[in-house]
Amino acid sequence: GKQLWSGSLDRSATDLFAMQDEIAQSVADALHLALNPQESQQLAEHQTGSLSAYDAYLKGRSDLALRSPDSLRSAADHFREATRLDPGFALAWGSLAEAIFLSATYGLDTANWPELAREARAAAGEAQALDPDSGEPWLAQAFVAMGDNQFGDGTAWPQAHLVTLLSKAVELSPNNPVALKALSNFLEAPEEQLSLLQRAALIDPRSPIIRQNIGAIYMNLDDPESALRHFREAIAIEPSFSLAYMSIIEMYRVQGELDQAARWARAMFEAMTGDHRSYFEYSTALSQLGVWDEFARLMDRSSRVPESADPDWWRLTHRRAGVLYGLATRDCGRIVESIRQFRNPVEENGTPFPDVTKMTGGEPALVARAFCEWIENRPQVGVHLLEAGIPNLSEARTNNMLTWEIRTNVVYGALLRAIGRSDDAQLALTDFLEQTAEAEVGSDDGVGFGRFYALAVLGETDAALDELEYVIESGYTNDWWMLNLLALDPEYARLMEDPRFLAIMSSLEARIQTMRESYLANPELPEGFK
């Protein structure tokens, strides 16, 4: 707690590197450190002699920490500029590989990984050739390998290879917080993960992503109070750090506190109106509470793309909101209008939705459209749309972007029975149940609701209600309003008259009503809570 050294330096900005050397040596002297020759050399080492390249590099590292699509694009451009100004700048080459990987991870050009990987692999190779004795090039190699696995079939590199690369990075650069954070992701014990992350946070206390990761570990350790503290610290460091907001929202959803999730989603939207993810979270939170008036106002407010937003993602999220609102209000005209965004401009064989599974959000939009055909008493058209637009209908889909609990195979099975193809309907529904038998039914993807739907449509009333009770007892109440949507199916309609179902729904709706009233009474976070 005592001041050991301070100094005043009056130098030109062009003498920045010399100033750094002087400060480092002065601090070492003040601490009475006995440095060996290798340590003394490290103290005086500079990765680049170009102040402009160094400036670009620092801007790139700053942008990289924000983890938003725009900041990741900007980070990659800064690192490209740094390597252009100084082709021998190993740290900039390694950081470029990292930025390219994170850009893909956060949803930018994910399908284009093979092309992105070529640049990332070349950048990592340059870093390795220029500075093989530091940890950063090994870290860059690890990021490229992670991308090969994440955006390939997951088998490009064994996990042991990634751990070897990251362990080498930590061994050679033990004070690199990014390497410590990356290695923590591959440790199995939460306590070991937490130890590495806390070490990284000491080295880089201004890193929002490290704070967010620590919060996530505390969530896994069932300590939401500590988790919330670290998520809030990440937002305090960077008020536009969307990942921390999303973590808080998810935490409250898992706990079944939908009113708190909605407050944080609203705060996120107000803080980041140029980010489509804030629109996604806010609209989702309102739908889960059934606050449809505010939902409609949000859509009106968001009909124009903010200047700072990614226009394609923003429009896609806006169309998603329209589909969701159309489902809630049974307004098929709105659904049809909203999903025009998902249509492939190239119509093959007269089919308006050629293989929609290759389009972001395409499949669930198609399911909503097929559901509307059923509402309009045209189930055959709905079956045709699904069969033409989704080549692999036999695969169970347990988590999709727009329809959540109205799972593709469940709607498909119900439509098949509506047109008299009972055997095919049985097969589609039983396939879904078999493929989701080991799923975590209380998880946020709501597969439990999907299983409830399938069992209900199959006429297995007791099993369906057992599933429904278990899911709700597990804390999952998201999108409860969709539980009545399949009333068009006669078996499901009969289940809706069962006293046990009515009791479950009455209790659930009362719980949702309490949270909705709590949110409407005070939709804002308490002042200063962020």
- Message: Leaving out ligands, DNA and RNA, and with a 1.4 Å probe, what % of the accessible surface on the chain is carbon or sulfur?
- Response: 48
- Rounded to the nearest 500, what is the chain's calculated 222 nm mean residue ellipticity when only DSSP H runs of at least 4 contribute -39500 (n - 2.57) each, over all residues? -21000 deg cm²/dmol
- Note on the structure: Sorted on mean Cβ neighbours within 10 Å (highest first), peptides 126-133, 231-238 come out as 231-238, 126-133
- Query: How large is the accessible surface per residue of the chain, computed with a 1.4 Å probe and reported in Å² as a whole number?
  - Reply: 46
- Message: So, taking all protein chains as they sit and a 1.4 Å probe, how much accessible area belongs to His46, in Å² rounded to tens?
- Response: 80
- Give me the number: length gained by fully extending Phe17 to Asp331, i.e. 0.36 nm times residue separation minus the C-alpha to C-alpha distance, one decimal in nm. 106.6 nm
- Could you run the Karplus curve 6.51 cos²θ - 1.76 cosθ + 1.60 with θ = phi - 60° over the range 155-162 and give me ³J(HN,Hα) per residue in whole Hz, x for Gly and Pro? 10, 4, 9, x, 4, 4, 5, 5
- Note on the structure: Which of [x] 25.9; [y] 24.7; [z] 23.6 is the computed Kirkwood radius over Cα pairs in Å? It is [x]
- Message: Test of understanding: what is the full-extension gain from Glu191 to Arg73, defined as 0.36 nm times their sequence separation minus their Cα-Cα distance?
- Response: 39.1 nm
- Message: Going Cα to Cα from Lys59, which aspartates and glutamates come in below 12 Å? Please leave out same-chain ones fewer than 8 positions away.
- Response: Asp77, Glu81
- Message: Per-residue counts of other Cβ atoms within 10 Å, averaged by peptide: what ranking do you get for 286-294, 505-513, highest first?
- Response: 286-294, 505-513
- Task: Starting with the highest mean, order 50-57, 364-371 by the number of other Cβ atoms within 10 Å, averaged over the residues of each peptide.
- Result: 364-371, 50-57
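The values are calculated or read from the model by the stated rules, or taken from the named source; none is laboratory data. Computed from a predicted structure; not experimentally measured. Glycine also receives a Cβ, built like all others from the backbone with ideal geometry; neighbour counts cover every protein chain displayed. Just so you know, the surface numbers come from the protein's heavy atoms only, side chains and all, with ligands and any DNA or RNA stripped out. Shrake-Rupley method; radii C 1.70, N 1.55, O 1.52, S 1.80 Å.
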